[in-house]
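Notes to accompany the following structure.
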Amino acid sequence: MLLRVALFFSLFVTALWSFTPSGFQEQKILEPEEAFKVSLIDKNGTAAVKIEMAKGIYLYKESLSLKTLSDPPRELEIKLPEPTLLHDDEVYKNSLIIPLFGLKAGDRVEIKFQGCSQAGLCYPPITKTLTIKGGEVKKSASAKNEEEKIADVLKKESFLAIAATFFGFGLLLALTPCVFPMIPILSSIIVGTKNITTKKAFLYSLVYVLAMSLTYTVAGVFAGLFGANIQAAFQNPWIIAIFASVFVALAFSMFGFYEIGLPSSIQTALAKKSDEAGSKGGIVGVAIMGFLSALIVGPCVAPPLAGALIYIGQTGDALLGAVALFAMSMGMGVPLLLIGTGAGKFMPRPGPWMNAVSRVFGVVMLAVAIWLLERVVPAQIALLMWSALFLGSAVYLRSFENIGEDAHWFVYLKKSLGLLLAVYSVFLLFGAFSGAKSPLDPLSSLKREPLYAPRSEAEKVTVESWDQLKSILQKNDLVMVDFYADWCVSCKELEEITFADPAVKERLRRFYFVKADVTKNSAQNRDLMKRFGIYGPPAILFFKKGEELKEFRVVGYKSPKEFLSILDRVEERL
């Protein structure tokens, strides 16, 4: 009996305790400021919103939203960790950190969310405003693009590993459009040298490649440290015209109109010195050509180059960056060494064959001159020059003369080739007068579909400054920006091959296509590139609601197949 009374009394006391103020403490309802403490983590170039939740408090994932309070406001992309399931809802408990991307000092961010207490109370939607106080916010490692991953290699790998890696990058870049034109330049130097030997051909090729590599290295370090593109500065029309005229002069020399050389007395003196010192005069000339070729012929940017420049700009470590750039340049020069040495080894002996080879390289020199002038003259003028070159080549091959009955088979081959060149020159002539722009597609004027297909034909899709681009980004949801320059070979290859591909064109209709033309390298052009950390074209950027999807940035040429795979990944993200 006593045991039952004691048990009843204990139950009564427990029930009574639960209704007292002290017993109700476990069920206390917190104020919103106590339940959700919102703060900004803002240091070392990174920023994030932190939400600390009291015990028993949670917030709903679907209620979270972030936007900037700029003019106009824009939604920010949110990267969140895996949520917890609670009553079939995705929620977060304890604390939540939300990284912020693409912001700079002074930007204001508004965050909205809603949550509940496990005690049974749900809070109304909460809005907080935070201001970025530190420097420009950098993106997280999970959202790095190709060139930034390459920059990370420089930060982590050993000295030898970096040199080997970038030498490999150079080998891969060796036959890109920006390097390929150097092959005929070096070959013409070898062909135009009298009494060439395999040893001398190798020496000249090595000097050319070393001069090219040192120029790339110095120009790259300068660009990384100071954000200046020396190669772009050398695309001045006057500089291009002077350099093109040099090739024209070399071409006419190879045709036999005159011989470029010093007075005989000086040549005799130099010959004696050359026997003793290894042709110093010739070596200096080859070095100068290597220097100019690096600055004027191949100024395009590729991912490894951009990665090295980003590393130099971020760390200020010019020495390691220079090693990487030099190793990459030497890798790019390997085919030049092989071809230049081979040109010396297999060069025919003086005679009719030698004269024919010289004239062939004379035509190549004229082609290089026209290729350079394409950057600074109207497309129609360039097409006229190409047409004249091919027609002249057909005449030189005697394509319009009769062939004798006992002619060698090679004569028929020459005439056939000449007739093909003559027909092609007619197409180029037609293209020049019908509005075509590319010698690879002289009949493009017959096509009605524009290369760039904006959503409204009345809207401009070519910009040259940040203000112009900013206006487009504010008005359009999905934007793709192509950084382009007339003097950039890879840019034209992208335009004429990749963007002209039917499958690519169809996929790009989803985007508002903007061409950022930085041909002039003006102050506005440089400011536009600097805002996005671009050291030179080509570069392709994707934007969603004004925010760049930075991990999908493209630097350098991509084939249609490669570009379609990139578009697949972009659309998955969208």
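Would you mind giving the average projected area, over all directions, of the Cα convex hull of segment 394-540 in nm² with one decimal?
Orientation-averaged projected area of the Cα hull: 12.3 nm².
With point charges of +1 on the Cβ of Lys and Arg and -1 on the Cβ of Asp and Glu, referenced to the Cα centre of segment 493-553, which listed residue (VAL514, LEU549, ASN525) lies farthest in the positive direction of the dipole?
Selected residue: LEU549.
What is the sum of charges, Lys and Arg at +1 and Asp and Glu at -1, for the other residues whose Cβ falls under 15 Å from the Cβ of GLY418? Show your work: numbers first, answer last.
Working: positive: ARG359, ARG398, LYS414, LYS415; negative: GLU401.
Around GLY418, the surrounding residues sum to +3.
Using 0.36 nm times the number of residues separating SER158 and LEU86, minus their current alpha carbon distance, what extension gain do you get? Write out the running numbers ahead of the final one.
Working: separation 72, 0.36 × 72 = 25.92 nm, distance 4.85 nm.
Gain in length upon complete extension: 21.1 nm.
Given N residues in segment 355-428, what is its alpha carbon radius of gyration divided by 2.2 N^0.38 Å?
On the way: Rg = 14.0 Å, N = 74, 2.2 N^0.38 = 11.3 Å.
Compactness ratio reported: 1.24.
Please go through the residue pairs LYS470/LYS561; LYS475/LYS520; LYS61/LYS128; LYS104/LYS544 and name each one whose alpha carbons sit more than 20 Å apart in this structure.
Values: LYS470/LYS561 30 Å; LYS475/LYS520 26 Å; LYS61/LYS128 16 Å; LYS104/LYS544 18 Å.
Over 20 Å apart, Cα to Cα: LYS470/LYS561; LYS475/LYS520.
Tally Lys/Arg at +1 and Asp/Glu at -1 over every other residue whose Cβ is under 10 Å from the Cβ of THR84; what's the total?
On the way: positive: LYS61, LYS93; negative: GLU82, ASP89, GLU90.
Here the count lands on -1.
With a sphere of radius 11 Å drawn around the Cβ of LYS437, what net charge do the other residues whose Cβ falls strictly inside it have (Lys, Arg +1; Asp, Glu -1)?
Taking every other residue near LYS437 into account, the sum is -4.
Which percent of Cα-Cα pairs in segment 462-573 sits in each 5 Å bin, short to long?
2, 12, 24, 26, 21, 12, 2, 0
Under 37 °C and 0.692 mPa s, how fast does segment 27-141 diffuse according to Stokes-Einstein, given a Kirkwood radius computed over C-alpha pairs? Answer in µm²/s, whole number.
Values: Rh = 14.8 Å.
The calculation lands on 222 µm²/s.
Read-outs: derived from the displayed coordinates by stated rules, not from any lab. Quick caveat: nothing in here was measured; it's all calculated off a predicted structure. All Cβ positions, glycine included, derive from the backbone under ideal geometry; neighbour counts span all protein chains shown.
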